[in-house]
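A short worksheet on the structure shown next.
The values are calculated or read from the model by the stated rules, or taken from the named source; none is laboratory data. It should be emphasised that the depicted structure is a prediction, and the values quoted were computed from it without experimental measurement. With ideal geometry, Cβ positions are generated from the backbone for all residues, glycine too; neighbour counts draw on all protein chains shown.
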Amino acid sequence: MEQFYINHWAVLVCAASNLLIGAIWYSPMLFYKAWMKENNFTDEDMKKVNPAKTYSLTLIISVIISYNLAFFLGDAKTDMSWGTMAGFLAGFGFSALIFMIVALFEQRSWKYIAINGGYITLYFTFIGFVLGAWR
C-alpha cells in the first residue's frame, strides 16, 4: 500500500490564506472598484453584509477546499512543483472554467469573469504550492 500523507497544519494555513488572498485581491489596491462596478454593488450594499457570517462560512468552506486538494496531493511523491501545478490545474482547469460557464449563462462581463476567475486560479495555485512544499 502506498504512503498517504496530509499535513493538517498546512491545510489550516491554506484555508486561512483564502481570507488573506481574498482581502488583497478584492481590496482597493487591486480589484475592489472594478468588482463593485461589475456586480452593481454600492457602498450601502456592502454595509448590509454580515461579516461574521460571511467570514465564518468562508473559512469553513476553505477548510473543505483545502482538505479536498490535500487528498489529491496526499501521495508521498508530491513536491512543491507538482503541488503548484496541480493547484493551477484544479484552479484554472476545473474551478475557474466552470465558473466561466456559469458566468456566461448569467450574461456576466468578461471583466467580471477575469476578476473572479483570476482569484480562483491564484488561490488554488497558492494552496497547491503550500500543500506540496509543506510536507
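The table that follows gives values for the structure above.
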item: Filter pass, THR78 being surrounded by 17 or more Cβ atoms within 10 Å (Cβ to Cβ), touching a residue at least 24 places away in the same chain (Cβ under 8 Å) and touching a Phe, Trp or Tyr at 6+ places or on another chain (Cβ under 6 Å); result: no
item: Every residue from segment 87-118 that is under 17 Å from MET36 (Cβ atoms), hydrophobic (A, V, I, L, M, F, W, C) and under 16 Å from the mean Cα position of the chain (by Cα); result: ILE113, ALA114, ILE115
item: Flag for MET36 being in a loop (DSSP other than H, G, I, E, B), of a type outside the set (D, E, K, R) and more than 12 Å from the chain's Cα centre (by Cα); result: no
item: Any chance GLU44 is farther than 22 Å from GLY118 by Cβ and acidic (Asp, Glu); result: yes
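Here is a yes/no grid of residues against (1) surrounded by fewer than 16 Cβ atoms within 10 Å (Cβ to Cβ); (2) at pLDDT below 95:
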| residue | (1), (2) |
| --- | --- |
| PHE4 | yes, yes |
| TRP35 | no, no |
| ASN39 | yes, no |
| LEU57 | yes, no |
| SER66 | no, no |
| LEU73 | no, no |
| GLY87 | no, no |
| GLY93 | yes, no |
